[in-house]
Amino acid sequence: MKKSKLNGAILLMLGITGNAVAQNDFYAGASIGQATIDACSGITSCDDEDTGRKIFGGWEFYSNLAFEAAWVDFGEIDGSIDGSKVSAAVDGWSLAAKGKLPLNEHFGLFGKFGMITWDLEGGGAASGIDDDGSDLLYGLGAEYMFNDQFSIVAEWEWYDIDEDVDLFSAGVLFRF
């Protein structure tokens, strides 16, 4: 008797989940912008800015709430220590909750809070340095919706990767 109740509950949940997924929006997109990695302590002629890139996807399960996953490439910083060239490249995978505030039918604001799992690889005199970890992220942004499927987004994200990392980016978002 208990087994049939459990099976019924599982089937009911699968049915509810199936309906919930069918009624909600999935999206994907890409953005590009300016990444700044605040890690120039002790490095001369330090260039701590580079082009940042992001590929993301998400699930809007309520009109004002979504989950978003992304792969982020922060580019590379470089400089010299005691006359030797050094560089470091950072990238990572993130998962964040995204709260949305629609201001009208085309324009809205959003905020994010989540985690990033990152990887840092050294180059030049820093070859062989390989570090990784998981840290917090948060961000703010705006979205302009041309129609139900296509939007442009602009956002600022802050990542607590040992040192502060900021990413200002703009991109496109497609709903399906």
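At-a-glance table
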item	result
Per-residue Cβ neighbour rank within 10 angstrom, fewest leading, Leu120, Leu136	Leu136, Leu120
Net charge of Cβ neighbours under 10 Å - reference Asp132; Lys, Arg +1; Asp, Glu -1	-4
Net charge over other residues, Cβ less than 12 angstrom from the Cβ of Gly114 (K, R count +1; D, E count -1)	-2
Nitroxide proxy distance, nm - points 7 Å out along Cα→Cβ at Cys40 and Ile129	1.6
Kirkwood Rh in Å, taken over all unlike Cα pairs in the chain	18.1
Efficiency of FRET between Arg175 and Glu49 - r from beta-carbon atoms, R0 30 angstrom, step 0.05	0.40
Theoretical gain in end-to-end length, Trp71 to Ala154 [0.36 nm per residue, Cα-Cα removed]	28.2 nm
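Each reported figure results from applying straightforward, stated rules to the coordinates on display, with no laboratory input. Note that the structure is predicted; figures quoted are calculated from it, not measured. Every residue, glycine among them, receives a Cβ derived from its backbone with ideal geometry; neighbour counts consider all protein chains shown.
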